[in-house]
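The block underneath contains the structure these notes are about, expressed in structure tokens.
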Amino acid sequence: MATHQDALKGAMEIEGALGVALVDSGSGMALGTAGSPMDLDLDVAAAGNSNVVQAKMRTMADLGLQQSIEDILITLDKQYHIIRPLARQEGFFLYLVLDRARANLAMARFRLASIEKDLKI
């Protein structure tokens, strides 16, 4: 089991990683961050992406979907943003920002899933 600091450090080792946060989706507060993406405040992004997760959960409930979110991917012109809810720690997610020109999206998702599995809050 990895601590949240180990998880953040591991996520920053993913090719193309610009920044990462461990977020409490209920409050929108970042419990920890690493990296410093240009023009992106990880604390503000954590709060905004909490709204994304909550909206998706409400929509799934409205649709009667009895599934869990594996990850949410947002693609921008120059970045990928991956939101990865923690399967064993409901109410928390990892938020990873990647440089689109340097990242391998499939490998980043695979590595983030591995980090998420080992994370213990």
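Looking at Gly32, Gly19, which one is outside any helix (DSSP H, G or I), in contact with a helix residue (DSSP H, G or I) (Cβ under 8 Å, 6 or more places away or on another chain) and touching a residue at least 60 places away in the same chain (Cβ under 8 Å)?
Only one candidate passes the filter, namely Gly19.
Residues checked against (1) surrounded by 15 or more Cβ atoms within 10 Å (Cβ to Cβ); (2) more than 10 Å from Tyr95 (Cβ to Cβ):
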{"residue": "Ala7", "(1), (2)": "yes, yes"}
{"residue": "Leu42", "(1), (2)": "yes, no"}
{"residue": "Asn51", "(1), (2)": "no, yes"}
{"residue": "Gln54", "(1), (2)": "no, yes"}
{"residue": "Asp62", "(1), (2)": "no, yes"}
{"residue": "Glu70", "(1), (2)": "no, yes"}
{"residue": "Asp77", "(1), (2)": "no, yes"}
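For Ile74, all conditions in the list (1) closer than 18 Å to Leu119 by Cβ; (2) part of a strand (DSSP E or B) hold save one; what is the number of the exception?
Against the list (1) closer than 18 Å to Leu119 by Cβ; (2) part of a strand (DSSP E or B), Ile74 comes up short only on (1).
Would you check which residues across segment 79-120 are loosely packed, with under 15 Cβ neighbours inside 10 Å, modelled with pLDDT under 95 and of a type in the set (A, V, I, L, M) and list them?
Of everything in segment 79-120, just one residue is loosely packed, with under 15 Cβ neighbours inside 10 Å, modelled with pLDDT under 95 and of a type in the set (A, V, I, L, M), namely Ala87.
The values are calculated or read from the model by the stated rules, or taken from the named source; none is laboratory data. Here the structure is a predicted model, which means the values were calculated and not measured. Here Cβ is always computed from backbone atoms with ideal geometry, including for glycine, and neighbour counts include all displayed protein chains.
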